[in-house]
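Undergrad: One structure is given below, represented as structure tokens, and several questions about it will come after.
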Amino acid sequence: MPSLTRRLVALNQKTKFCILAVVDLMMVPLTFWLALILRFGLEEAVNTFRFTLVYLPFLLMVSVGLGSVLGMFNRKLKDFDGEAVLRSLAISVALGISSYLLSTISHVNAGLRLHILFAIVHFVATVGMRQFLYFLLVQIYRQSNVVSRIAIYGAGRTGMALAHELRNRPGMMIYAFLDDNGTLDGMNLNGVPIFSGVHADKVIERHKINRVILAMPSVSVQKQTFISKRLARLGIDVETLPAFARLTGETNLLTKLMPAGTAALLPRENLEKKISNSHTAYRGRVVMISGAGGSIGIELCRQVMTSRPSKLVLFELSEYALYQAEAEMRVLGEAIGCEIVPVLGSVCDSVHVRETLAQHRVEVVLHAAAYKHVPLVESNARVGISNNALGTAVLARAARDCGVRRFVLVSTDKAVRPSNLMGASKRFAELTVQDLAGRSQGTIYSIVRFGNVMGSSGSVIPLFKEQIARGGPVTVTDPRMTRYFMTIPEAARLVLAAGAFAEGGEVYVLDMGRPMKIVDLAAKLIDAAGFTVRSEENPEGDIEIAFTGLRPGEKLHEELMVRKGAQTTDHPKIIRVREDMLSEIEMAAALRDLREAVDLGDTAGILGVILKSVPEYVPRSLPEGSLQLRLARELREIRKDDASGTPAE
């Protein structure tokens, strides 16, 4: 069978059309003979057929001539639609009229009924034969691996348009539609069955699907990423169509296909598969994830669940986010026998945190809860510092006191030489964890620094997509601005890997290659959406990229480490960094002073503690002449004098 299929696929169009012409020619004498039997019976049909042999060649000539003129031999089996059926009817009627005229001329008087019956039988047999050949060809293809076996995820308008175009592509065959709308399950769309997306694994296994195309451009980036990850784990290729903004009515949808997920936007290879998923470190453990409802937190939940923990504690401040996360994890938990515990609360609540850790005997804490939007933290300093810095201290100390075995802090590249309060708060959180790592006997502490995570809440990609959907402009702060980027799955894997082999106090970063220009990312998203960039070089373009200037606290370029001398780990793409830290006395004093300033609502005092504790912090959002800026400059001078040994005047 595979050999036959390869030969069929290898045939050129000319050969295939010749085969169809031969089949159509054979249908003329066969259907005429069948019409005679139906009209006169078998014995009389034999006698009559001998007399009609004289004009059968002329009927064959009529069939060939009309078939060529009407293009019947150049029409593919899968394109035998309503128009082709009408043309077949015209040929059958012409053959019936021709046979009647020829019988009259040759004095073979068989009656008008025979020729009417001949036309009817020929039409039915021709159409039936075409349908049978197409069915046979499909079945042969479906039993082979010669063609690309495709399922389209999304049975809506885009999916139908894509399916229509794929019909004209050689080497491709659609086996199924998948859709999250349960009411469509069991229905057919143009002869292709629709299945619920919940049963995607069974459909893929049954039909041996090797390629899935996501035709859901209106669905959020997060959901597309989740679906593509779920399908990719089944070992198949997943591609997606961009936003449907300008694709309505277009026929060349295949040119818009791109690999599913945000990894396709990276100027480097996807590193997710090169980072160990560290199954053994979490198997059978009680794992708690703070910020479990966030974009990073929920992906951590999904990947931890593949390790089959005994219990997963979802710790989340947002009620709605916790509800969503618990609903998704509950399904996975029932499948693998893992208990799911949703806990609503803040990491700043020390009593609640300690009760949760003790009650569930948590063994591993993955701390992803944080406020990370730079301008918002900048304008809400007290709340941002309290959550990011003091919240980390509360959770990290509680983990030590409750006997947690491993604690991983999710940090950011903005903590390196920070220029904003969000980055400074995360660096302060790092210092807290480093201090505990140096003194803890039972808990292993580690820190993971991310670059910008593509598709996470608050990242530029959802913003750019919204701006593109509105017709632009796409706003970029500065044409020179660069950032390190990673995907949500890469970020989650990095956290799990660091938590698995950390020895205590290390900072782990992912080798992400060169940073990417934000303006290049914007241009890629515009192109992926089917538009062109409007610029001086291309004034007829669709969407403009507008530059708005740096926002408060923003830097043009981010770094991943301060000190040199980074070390490789067992994973070549993960780097271990040892950063400077405060002494035990300095850290205790800093936490005491920061907590007092937060309790008093003293913004200047909060800034003073952060400036003193994070020497590399250089605030860029303070207005000239402000008390905070003067304080920052005085502290920098004091630090310089301390470093040189010269007393300040």
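The values are calculated or read from the model by the stated rules, or taken from the named source; none is laboratory data. In this text, all values refer to a predicted model and were calculated from it rather than measured experimentally. Cβ placement follows ideal geometry from the backbone for every residue including glycine, while neighbour counts extend to all protein chains displayed.
Undergrad: (1) crowded, with 17+ Cβ neighbours inside 10 Å; (2) more than 15 Å from Val410 (Cβ to Cβ): which one isn't true of Val495, the others all being true?
TA: Checking Val495 against (1) crowded, with 17+ Cβ neighbours inside 10 Å; (2) more than 15 Å from Val410 (Cβ to Cβ), the one that fails is (2).
Residue by residue, here is whether (1) at pLDDT 80 or above; (2) under 30 Å from the mean Cα position of the chain (by Cα); (3) surrounded by 16 or more Cβ atoms within 10 Å (Cβ to Cβ); (4) closer than 21 Å to Ile213 by Cα holds:
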{"residue": "His107", "(1), (2), (3), (4)": "no, no, no, no"}
{"residue": "Gly111", "(1), (2), (3), (4)": "no, no, no, no"}
{"residue": "Ile150", "(1), (2), (3), (4)": "yes, yes, yes, yes"}
{"residue": "Ala161", "(1), (2), (3), (4)": "no, yes, yes, yes"}
{"residue": "Arg167", "(1), (2), (3), (4)": "no, yes, no, yes"}
{"residue": "Pro170", "(1), (2), (3), (4)": "no, yes, no, yes"}
{"residue": "Ala176", "(1), (2), (3), (4)": "yes, yes, yes, yes"}
{"residue": "Asp179", "(1), (2), (3), (4)": "yes, yes, yes, yes"}
{"residue": "Asn190", "(1), (2), (3), (4)": "no, yes, no, yes"}
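Undergrad: Helices (runs of 4 or more DSSP H) wholly in the range 236-347 with at least 3 residues that are at pLDDT 80 or above - which ones?
TA: Here the list reads 295-305, 319-336.
Undergrad: One residue is enough: does the range 503-516 have a residue meeting the conditions part of a helix (DSSP H, G or I) and under 20 Å from the mean Cα position of the chain (by Cα)?
TA: no
Undergrad: Looking only at the range 581-598, count how many residues are acidic (Asp, Glu) and under 16 Å from Leu436 (Cβ atoms).
TA: Number of matching residues: 2.
Undergrad: Could you tell me which numbered condition Leu137 fails, if it satisfies all but one of (1) of a type in the set (A, V, I, L, M); (2) at pLDDT 70 or above; (3) under 21 Å from Ala84 (Cα atoms)?
TA: (2)
Undergrad: Out of all the residues in the range 326-350, which are touching a strand residue (DSSP E or B) at 6+ places or on another chain (Cβ under 9 Å) and among the β-branched types (Val, Ile, Thr)?
TA: Ile340, Val341, Val343, Val347
Undergrad: Only one residue in Ser350, Ser346, Ser310 is surrounded by fewer than 20 Cβ atoms within 10 Å (Cβ to Cβ) and more than 30 Å from Ala589 (Cα to Cα), so which one is that?
TA: Ser310
Undergrad: Right, next: Does Ala497 fit the bill of being among the hydrophobic types (A, V, I, L, M, F, W, C), closer than 30 Å to Ala281 by Cβ, at pLDDT 80 or above and more than 18 Å from the chain's Cα centre (by Cα)?
TA: So Ala497 fits the description; yes.
Undergrad: Can you list residue pairs whose Cβ atoms sit under 7 Å apart, with the first residue in the range 421-434 being within 13 Å of Arg449 (Cα to Cα) and acidic (Asp, Glu) and the second being part of a helix (DSSP H, G or I) and at pLDDT below 95? Count only pairs 6 or more apart in sequence or on different chains.
TA: What qualifies is Glu430/Ala415.
Undergrad: Please give the number of the condition Ala588 fails out of (1) at pLDDT below 80; (2) assigned to a helix (DSSP H, G or I); (3) not polar (S, T, N, Q).
TA: It fails just one condition, (1).
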